[in-house]
Structures are given as C-alpha cells and as structure tokens.
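Structure provided below as structure tokens; questions to follow.
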There are 2 protein chains.
Amino acid sequence: MVRTEKKRSRQERLVREIGKNPFLKDDELAKRLKVSVATVRLDRTELGIGEYRERVRDVAKTKANGVNDCGEVLDFNMYHDGISVLNTLDAAVFDGGTVIKGQAMYGYAENLAMSVINARSALVRVANIKYLKEVHRGDRLVAKYEVMRIKNNEYVVWVRIKKDMTEMFRAKFNLSVMDERDS
Amino acid sequence: MVRTEKKRSRQERLVREIGKNPFLKDDELAKRLKVSVATVRLDRTELGIGEYRERVRDVAKTKANGVNDCGEVLDFNMYHDGISVLNTLDAAVFDGGTVIKGQAMYGYAENLAMSVINARSALVRVANIKYLKEVHRGDRLVAKYEVMRIKNNEYVVWVRIKKDMTEMFRAKFNLSVMDERDS
DNA sequence: TTGTTCTTATGACCTACTCATAAATACGAT
DNA sequence: ATCGTATTTATGAGTAGGTCATAAGAACAA
C-alpha cells in the first residue's frame, strides 16, 4: 500500500506552487516544500511537470501568440454565434493579486470574436469595451459571442461574458477579414 | 577605420531575425547568417542582445504580467499627459507573420493610460478602441496619452499611437482607481 | 523484525550558453 | 605586394539548471 498521505499532499502543493508561479527553480521549490531537490525532481517527473526552462518556454510561446484560447467551446455556429467556458487560471493579473487585467479579458474577447468569423487573423477596426465587474483568477466564465452584422468583409461581433448569470464584461468588435481559415 | 559594411548589415539582420523570432538559438542564427556561432555570440554581445534563455524568460515574464511596458518615456506629467516610444519587438503577432495583434496594442494602451493616472491597478470601465492601420513587429511607435477628464475617482484618458506622423491607433479609456502608487 | 515505499545523495552527462585567449583571415592604406 | 588593424573563427574552461541511473538511508505498516 502506498503511504501517499505526505507525498500526495506535497505533490498537490507542488502543482499549486508551480501553477501560481511557473518561474520557480527546483531549489526554490525544495525550500518551500522543505524537502530535498532530489525529491522535487522525483515529484515533478511523477507528475509530468517539465523543468524550469521548459515551463518558461511554454509560457513564452503562448505569449508570442497572445491569448490564444477560445476556452471550452459549448456551442458554435460559424459566422453566427457560439458559447465558450473560459478558464482564467493563466490570465494576467495585477501584481500579486487575483484581479484579472483588462487586457487579458480583452484578449479573450478578441479571440472569440475572430473565431466566430472563421478568421485566422482579422483586423480589428473598432472595439467598444465595457467592464462591468472585476474578474478574479479562477472565475468560471461563460462567454457568448454573436455575429450581429455582416457587410462585405466587415463583421460586427458582440461578446458577452458572464459569471453565474451576472454579466461581467461586454465587447463589440468591428472586424475586417484578411484571411479565411482552411480555405 | 571600421570596415562595417558586412558586419553592420549582418548585425541588422541579426536584430531582425531575433525580432521576428526570439526562440532562435545561436546555432540556428549562425546557419541563417552563414557565419560561425562565435560570430553570432560576438554580434549579440556587441548589440546587447541576451542569450536564448534570457530572451525566452523575458517574453514569458511580460506575458505573465500582461504587457507591462510603458516604453521609453519621453515626457510625463502625472495626472496630465505623457509621450512614450514603444518597442514592438516582443508584441504578439499573428501566426508567423509580422502584423501585431490588436490585443497587444490594446495592452500597451491600457498600460499607458494607467501609468498616467498613477495607478498600479485601475479598473477599466469602458474602452473605445480604433485601429487605424496595421502595426508590424519592429515598428517604432510614438504614443501620446492624455488625461481628458477627472471626476471623483473616474478618469478619462486618451491614448494615441503614431508611426512616422501617421496615426495608427486611438483609444479612450474610462478608468476608476483602486489603488494609488507610492501613497 | 522484515518488506516495502520514500527520500536523499552521488556522479556522469546534457544544453546553451559566458569569458578569456589565441590563431586565422580579410581588407584598407601605403 | 605588404603592413597593420579589424574581423572572424576556434579552443578550452566554467556555469546554471537540469536528466538519468544507481545506491544508500529513513519511515512506516504488517
């Protein structure tokens, strides 16, 4: 039988620590968990968590493409509308706190808007954004997006984001398409 | 007399290559520039460009905090206005290309707006964004930002971004302050 | 006490560098 | 053509932050 208790809870902490701050090296993690570096490495491999440099590189890669995430898509009708659940765990927050930055919310919304008009890359012409409530890291957000108008290559897309039935965020984008996906 | 011609143009190419793709290691750069790895390293140090791991880490850090960059601040009057030069080398671009995503431009603008009202973290209430021209990685942008109105804790800030006298981007933010800096 | 799981330590090897040094090469000016 | 300097390339030692294999020690359950 596996002793698990100490080990399991430590590994949970490990995941949380790295989740909160991917920029921790093994020796730092070892200090925090009060175990040896060797143990941290063992735990990491057991949990399939890569080394510092890989973690940092992965964060950097997603950054290079901006927020690039349409969440878990629950419903989707191309050129019409869609519903997604957003995971806010890796969104940018204000220093130390849990309040998610506007720019992260904007990024999500822009992405959803582009996805629904099937554009790998659309130029946003105009965006009108309304932040109704503070969003916190970990909030489970539901986004509804809808194409409101199409005129030539110009689309108007609305994105509305709720948490527990309460509207948190609203955006209207005017987009013009440069490039269609799989066409 | 410095021979410069070959060297200078190669170093320019180096900057461009790394600008386009910060995830290039010295050996890859050496292949592209058809010189030895040693030369690439020399060029990098002459140009003050850090090594692969630093570059990647920097990209990752800015991602973790969102765009967190007020550029080179040329002029600044707290609660009034400011002028910055933005470096677009690490901004998010569309897949493979050099066109900078709207969300990156938004991020810059949001930051500038917050900096001018001296807020570490301000809630954006409303944002109106107009993208006038495509911005490309490497473009040298000049941003002017200005507090237009203050009412209680509510600020209205305009941000205008130009490249070579041409306006590329315009944003109006309604912000409300949560927390003053060094107060 | 024994058997098993966990933890820690050790040493060899890896990548993608830096830094110092030296040799080879290229080119401009005389 | 040759000298002097700039530039390029190579070499070897050292670094951080790891991997991997191996083995010894500690903790615990039966």
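Please treat every number below as a calculation from the coordinates, not as lab data. Source: prediction; values computed, not measured. Glycine also receives a Cβ, built like all others from the backbone with ideal geometry; neighbour counts cover every protein chain displayed.
Please report, to one decimal in angstroms, the Kirkwood hydrodynamic radius of chain B built from all distinct Cα-Cα pairs. Each step should come with its number before you reach the end.
Values: mean 1/r = 0.0556 Å⁻¹.
Computed over Cα pairs of chain B, the Kirkwood hydrodynamic radius comes out at 18.0 Å.
For the protein assembly as shown, rounded, prolate or oblate, judged on the Cα gyration tensor with a ≥ b ≥ c (square roots of eigenvalues), a/c < 1.5 rounded, else prolate if a/b > b/c?
Values: a/c = 1.43, a/b = 1.07, b/c = 1.34.
Taking the square roots of the gyration eigenvalues as a ≥ b ≥ c, the protein assembly as shown is rounded.
Nearest 10 degrees, 0 to 90: what angle lies between the long axis of helix A:102-116 and the longest principal axis of chain A (Cα atoms)?
60 degrees
Jot down the radius of gyration and Dmax of the range A:5-63, Cα atoms only, both in angstrom.
Radius of gyration, then largest Cα-Cα span, for the range A:5-63: 11.1, 37 Å.
Please compute the contact order of chain A in relative form: average sequence separation of alpha-carbon pairs under 8 Å and at least six residues apart, divided by the residue count, as a percent.
Dividing the mean separation by the residue count of chain A yields 17 percent.
Counting partner chain Cβ atoms within 10 Å of every residue's Cβ in B:51-57, what's the average?
Mean number of neighbouring Cβ atoms from other chains: 3.
Please report, for B:R41, the nm distances (one decimal) from its label point, 7 Å out from Cα along the beta-carbon direction, to the equivalent points in the remaining copies, shortest first.
Values, ascending and in nm: 2.5.
Which value, in debye to the nearest 20, describes the size of the charge dipole of the protein assembly as shown about its Cα centre when Lys and Arg Cβ atoms bear +1, Asp and Glu Cβ atoms bear -1, and nothing else is charged?
With Lys and Arg at +1 and Asp and Glu at -1, about 440 debye.
Give or take rounding to whole Å, what are the principal axis extents of the alpha carbon atoms in the range A:91-152, in descending order?
45, 19, 19
Next question, about the same structure. Averaged over B:107-113, how many beta carbons belonging to a partner chain fall within 10 Å of each residue's beta carbon?
Neighbouring Cβ atoms belonging to other protein chains average 3 per residue here.
In deg cm²/dmol and to the nearest 500, what is the mean residue ellipticity at 222 nm of chain B if only DSSP H runs of at least 4 residues count, each as -39500 (n - 2.57), divided by the residue total?
Value at 222 nm, helices only, nearest 500: -11000 deg cm²/dmol.
Among A:H136, A:M114, A:I83, whose Cα lies farthest out toward the positive end of the dipole of the range A:75-141, if unit charges sit on the beta carbon of Lys, Arg (+1) and Asp, Glu (-1)?
A:M114
Taking only Cα atoms of the range B:71-114, what ratio of Rg to Rh do you get with Rh as the Kirkwood inverse-distance radius?
1.06
In nm, give the distance between the simple-model label positions of A:N21 and B:V85, each being 7 Å from the Cα along the Cα-to-Cβ direction.
Each label point lies 7 Å from its Cα, and together they span 3.5 nm.
Also: Please tell me which of these pairs span more than 27 angstrom C-alpha to C-alpha: A:K31/B:K25; A:K162/B:K20; A:K163/B:K20; A:K61/A:K101; B:K61/B:K144?
Correct reply: A:K31/B:K25; A:K162/B:K20; A:K163/B:K20.
Cα centroids of the range B:95-111 and the range B:9-30: how far apart, whole angstrom?
21 Å
Further question: From the phi angles alone, apply the Karplus equation (6.51, -1.76, 1.60; θ = phi - 60°) to the range A:162-169 and give each ³J(HN,Hα) in whole Hz, x where the residue is Gly or Pro.
10, 10, 6, 6, 9, 6, 10, 7
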